[in-house]
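Values in this text are rule-based calculations from the coordinates and carry no lab data. These figures come from a predicted structure and were not determined experimentally. Neighbour counts are summed over all protein chains in view; Cβ atoms, including those assigned to glycine, are modelled from backbone coordinates with ideal geometry.
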Amino acid sequence: MARSSFVSFHYQRDHWRVQQILRMGALDQQTELPAQKWEEVKKQGDHAIHAWIDEEMKYKQAVIVLIGNQTASRKFVKYEISRAWSIKKPLLGIRIHGLKDAQQHVDRPGADPFASFGFSDSTKTYADYVPVYDPADYTGKYSPTSSDIYAAIKQNIATWAAGGYKRP
């Protein structure tokens with residue numbers, strides 16, 4: 001059975017990689033805005049985008065950040081992480097840089113997006129709590145291929161999605 005998940009990612013850069021993961025069928029993801037609808041929402045400003053994110057995230061069991069090379073710097077990914085934390089949704093990350101894109105290229109790993117969120121009373125960050133899974137660690141190979149990464153994600157994503165950090 002697919003786990004109901006809100007999937008956060010850098011759309012322009014990683015859409016192709018993310019589609020490979022969503023087609024695996026292990027996750028029931030949020031509705032993706034078609035390009036034309038996205039432009040309509042975007043014209044209404046950040047508040048409208050935040051409202052769409054809030055609504056889509058509301059009834060999901062977990063929030064999964066699919067981490068590519070530039071994911072950590074994206075404004076709306078940051079909002080999604082912050083929102084998930086504030087409403088106490090289970091939160092986790094999965095690295096996707098090892099999957100090929102539409103041009104058949106793999107990417108370099110990106111920064112941990114949870115490391116930029118800290119606490120006023122501690123030196124810890126969300127990264128000290130939120131698990132980030134690297135499929136390359138699950139292939140058993142020193143230099144895994146995109147196919148190996150895909151297989152590792154497909155085999156483990158349901159378990160990973162169930163193991164997100166849920167703050168007390």
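So that you can scan it fast, the table gives a plain yes or no per residue for (1) in contact (Cβ under 8 Å) with a residue 40 or more places away in the chain; (2) more than 30 Å from HIS47 (Cβ to Cβ); (3) of a type in the set (A, V, I, L, M, F, W, C):
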site	(1), (2), (3)
ALA84	yes, no, yes
GLY93	yes, no, no
ARG108	no, yes, no
SER116	yes, no, no
TYR138	no, yes, no
TYR150	yes, yes, no
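Based on what the data block shows, is ARG74 basic (Lys, Arg), in contact with a Leu (Cβ under 9 Å, 6 or more places away or on another chain) and either crowded, with 19+ Cβ neighbours inside 10 Å or more than 30 Å from SER147 (Cβ to Cβ) (or both)?
In short, no.
Which one of the conditions (1) in a loop (DSSP other than H, G, I, E, B); (2) under 22 Å from TYR11 (Cβ atoms); (3) out of contact with any His (no Cβ under 6 Å at 6 or more places or on another chain); (4) not aliphatic (A, V, I, L, M) does PRO109 fail to meet, given that it meets all the rest?
Unmet condition: (3).
I need the full set of residues from region 70-100 which are assigned to a strand (DSSP E or B) and closer than 18 Å to PHE119 by Cβ, in order please.
The answer is LEU91, and nothing else.
Considering only region 134-153, how many residues are surrounded by 13 or more Cβ atoms within 10 Å (Cβ to Cβ), more than 15 Å from the chain's Cα centre (by Cα) and assigned to a helix (DSSP H, G or I)?
8
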